[in-house]
1. Given A:177, A:200, which one is out of contact with any strand residue (DSSP E or B) (no Cβ under 6 Å at 6 or more places or on another chain) and not acidic (Asp, Glu)?
2. Here's a check for you: in region B:61-95, which residue that is under 15 Å from the mean Cα position of the chain (by Cα) and aromatic (Phe, Trp, Tyr) is farthest from the other protein chains (Cβ to nearest Cβ)?
3. If you go through region A:92-103 one residue at a time, do you hit one that is over 18 Å from the mean Cα position of the chain (by Cα) and surrounded by fewer than 24 Cβ atoms within 10 Å (Cβ to Cβ)?
4. State which residue is farthest from residue A:249 (Cα to Cα) when the search covers only region A:174-218 and only residues that are within 11 Å of chain B (Cβ to nearest Cβ) and buried (at least 21 other Cβ atoms within 10 Å of the Cβ).
5. Residues of region B:73-94 being among the aliphatic types (A, V, I, L, M) and assigned to a strand (DSSP E or B), which ones?
6. Test residue A:266 against the stated conditions and say whether it is assigned to a loop (DSSP other than H, G, I, E, B), away from chain B (no Cβ under 14 Å), under 26 Å from residue A:66 (Cβ atoms) and not basic (Lys, Arg).
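Derivation of every value follows stated rules applied to the coordinates shown; laboratory data play no part. Since the structure is predicted, the reported quantities are computational estimates derived from the model, not experimental observations. Note: ideal-geometry Cβ built from the backbone for every residue, glycine included; neighbour counts use all protein chains shown.
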Amino acid sequence: MTNQHDDGNLDRRSFLKCMAWAGAGTLLMMKGGVLHARTLGADAGAEAKDTTFSFAQISDSHIGFHAAPNTDPASTLRAALAQVDALPVRPDFLLHTGDLTHLSRPDQFDTLAGLMQESRAGKGKVFYVPGEHDVIGDNGAEFFRHFGERQQPGGWYSFDHRGVHFVGLINVLGLKAGGLGFLGAEQLAWLKKDLAPLSAETPVLVFAHMPMWSLYPAWGWGTDDSLEAMGYLRRFGSVSVLNGHIHQIQQKVEGNITFYTARSTAYPQPAPGAGPAPGPLKSVTPDRLHSYLGIRGVHHVQGKDALAVTEEVMA
Amino acid sequence: MNRLAYVACLLPALAVLAMPAVAASSRSPAEKPNRIEIRNFMFTPKTLVVPVGARVEWINRDEEPHTVVSANGQFAPSKALDSNDSYAATFGKPGTYVYYCTVHPFMTGTVIVK
């Protein structure tokens, strides 16, 4: 594989084959309530075997992006989904943590929907939350029409899966000039009420597009009122927060709350503060692109107290 | 060729080049170009001062899409601007117009109309 990369003449077909072989996202394993992050691969697959359930996260597919370093984000999303389909243990469902599209255009949402239908994982249950690229100009009307859960008027929702409480939050609407991501009073009130009946032993997994902690506010990588949300979550023994937006893996542990950001299936962004601004890392060459992209999987082991998060890159 | 002669040679060309600019400045303020570049997630200049009736144009030089949206609805919002897309608004009344990119709200700018 390495030799194939080094020859510099990798054709499109073998490039895609290479990505499918190597992986394209993140596998998350819940082990007794604590989420463990791993790069998806042979080892992650073996770890998945002693779990009661797993799910995979993909993020930031940016359908409609058409510049360096990835002029074909549809093909890299397809490869990411193929990688999820190839996992030795089938994930129960898929999370897409936003920026499905680049410009919120109806045809871009249609392309995304079509690509999802091509894969077994994509045809199964997929939970979506919008990114800021999915709500441009229409406050998310087109996104919610295709992918909304419609449990609440604001679009946020929760569900329980095999003992774990999942919460999908929206922090890309009603953004204020000069601000970061934003949840808003209505959503926070809902969250408080949603969590209230749960025992502190319930593992909670929150997912939203923008980072739910102050990762790098100068580039907008944070959520203005996330502290209030964390206030409601602190009493739980195990809280995992999955985000996208920054197109790279960052992790942070704060008491019982562990934060993770995911890779993009489309293109990487610079490390926080590296360079003048966020945006696509244009200098990445085609033969190196796949090593920056990924999918994530989560496995849950009943009776233990951890979630295991694994990361799988495309290289 | 000495420096003086070199400059002298250039003079007729400079005169020709300068003419359209002179013509432009003699037009109404509404036609004077006022351009704000969007580059590296910043509006440049961050503050632009224009006369009443000025037409202001924004052009996106980033690979990322941006928008131009008045912070309190004082002028019509742009659609998503892809790379090299532009948007223009005409400012008929004096005032301070704060705007931002709704995709990246930390990006703010101001148009002051006098």
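1. A:200
2. So the residue we want is B:91.
3. Yes - at least one qualifying residue is present in region A:92-103.
4. A:175
5. Across region B:73-94, the qualifying residues are B:81, B:88, B:89.
6. Values: assigned to a loop (DSSP other than H, G, I, E, B): yes; away from chain B (no Cβ under 14 Å): no; under 26 Å from residue A:66 (Cβ atoms): yes; not basic (Lys, Arg): yes.
Judged against the criteria, residue A:266 is not a match.
So that you can scan it fast, the table gives a plain yes or no per residue for (1) of a type in the set (A, V, I, L, M); (2) within 14 Å of chain B (Cβ to nearest Cβ); (3) over 15 Å from residue A:205 (Cβ atoms):
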| position | (1), (2), (3) |
| --- | --- |
| A:117 | no, no, yes |
| A:121 | yes, no, yes |
| A:127 | no, no, no |
| A:130 | no, yes, yes |
| A:136 | yes, yes, yes |
| A:151 | no, no, yes |
| A:162 | no, no, no |
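Conditions tested, residue by residue: (1) assigned to a loop (DSSP other than H, G, I, E, B); (2) polar (S, T, N, Q); (3) in contact (Cβ under 8 Å) with a residue 12 or more places away in the chain.
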{"position": "A:192", "(1), (2), (3)": "no, no, yes"}
{"position": "A:236", "(1), (2), (3)": "yes, no, yes"}
{"position": "A:242", "(1), (2), (3)": "no, no, yes"}
{"position": "A:247", "(1), (2), (3)": "yes, no, yes"}
{"position": "A:251", "(1), (2), (3)": "no, yes, yes"}
{"position": "A:274", "(1), (2), (3)": "yes, no, no"}
